[in-house]
1. How much length would be gained if the chain were fully extended between I158 and L134, taking 0.36 nm per residue of separation minus their Cα-Cα distance, in nm to one decimal?
2. Where does the charge balance sit around S120 when Lys and Arg score +1, Asp and Glu -1, over other residues with C-beta under 9 Å from its C-beta?
3. Go through K24/K70; K74/K130; K31/K124; K16/K90; K17/K65; K32/K65 and tell me which ones have a Cα-Cα distance over 20 Å in this structure.
4. Sum -39500 (n - 2.57) across every DSSP H segment of at least 4 residues in the chain, then divide by the residue count to get the 222 nm mean residue ellipticity, nearest 500.
5. Mean-square fluctuation check for the chain, GNM, Cα pairs under 10 Å: which of I128, I22, I153 is largest?
6. Taking the Cα centre of the stretch 1-108 as origin, sum charge times position over the Cβ atoms of Lys and Arg (+1) and Asp and Glu (-1), and report the length of that vector in debye to the nearest 20.
7. Taking Cα pairs under 8 Å and at least six residues apart, what relative contact order does the chain come out at, in percent?
8. Take every Cα-Cα distance within the stretch 68-142, group them into 10 Å bins from 0 onward, and report for each bin the whole-number percent of pairs it holds.
Amino acid sequence: MKNTYIIDYVNENEFKKKERSIKKYNMLAYKKLLFEYYPSLKEGNFLGVMVSTNSETGISKYELKLPTDKTFSKVHGDIVLHYSVYDKGKIVLLNTLTPEDILTEGHQTQLSTYKGVMVSNSHKEQDIFKINLLNALNKNGYAKIFGLLALIIFTSIIIALLIIK
């Protein structure tokens, strides 16, 4: 027990709100966070990518990507735990969970879903457009869309040449 780290928060209330939002909308990420990642951090096994380190003060900053649905990840971004490790005091300081806007909004109000992905109430049309675009790309494939784009460019060049003559 001497080598265990203490978990603390920069702003516990805000962090817990985002954590509850993850619990509500992404149970797999919440279970991994609670039952795998937190115990590992307490034991001193620091997961994720080391973003920066300061050898003078003994502070290392990490980012740990939580399991996220591919479509959610492309629309809102990956769910990432940002934390700092203070080696001298044996403290793991949990900074925040991102994407902050959708997680905070998910705690404040009931979010709707569209095709299985959370949709923000503040910019619903933008999120629905992104989801539809991603589904169209997956359904039709990139070749059809880029072929259509090439056809549009080619016809606009021909029309421009005809107008010039």
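1. On the way: separation 24, 0.36 × 24 = 8.64 nm, distance 3.06 nm.
Value of the extension gain: 5.6 nm.
2. Numbers: positive: K124; negative: D101, E105, D127.
Neighbour charge sum, excluding S120 itself: -2.
3. Over 20 Å apart, Cα to Cα: K31/K124; K16/K90.
4. Values: 6 runs with 83 residues, N = 165.
Counting only the DSSP helices, I get -16000 deg cm²/dmol.
5. I153
6. Numbers: 16 positive and 14 negative charges, 71 e Å.
Roughly 340 debye for the stretch 1-108.
7. Working: 203 pairs, mean separation 33.1, N = 165.
Over the chain, the number comes to 20 percent.
8. Here the calculated profile for the stretch 68-142 is 17, 40, 22, 13, 6, 0.
The values are calculated or read from the model by the stated rules, or taken from the named source; none is laboratory data. Being a predicted model, the structure only gives us computed values, none of them experimental. We place every Cβ from the backbone using ideal geometry, glycine too, and count neighbours over all the protein chains shown. Note: areas computed on protein heavy atoms with side chains; ligands, DNA, RNA excluded. Shrake-Rupley method; radii C 1.70, N 1.55, O 1.52, S 1.80 Å.
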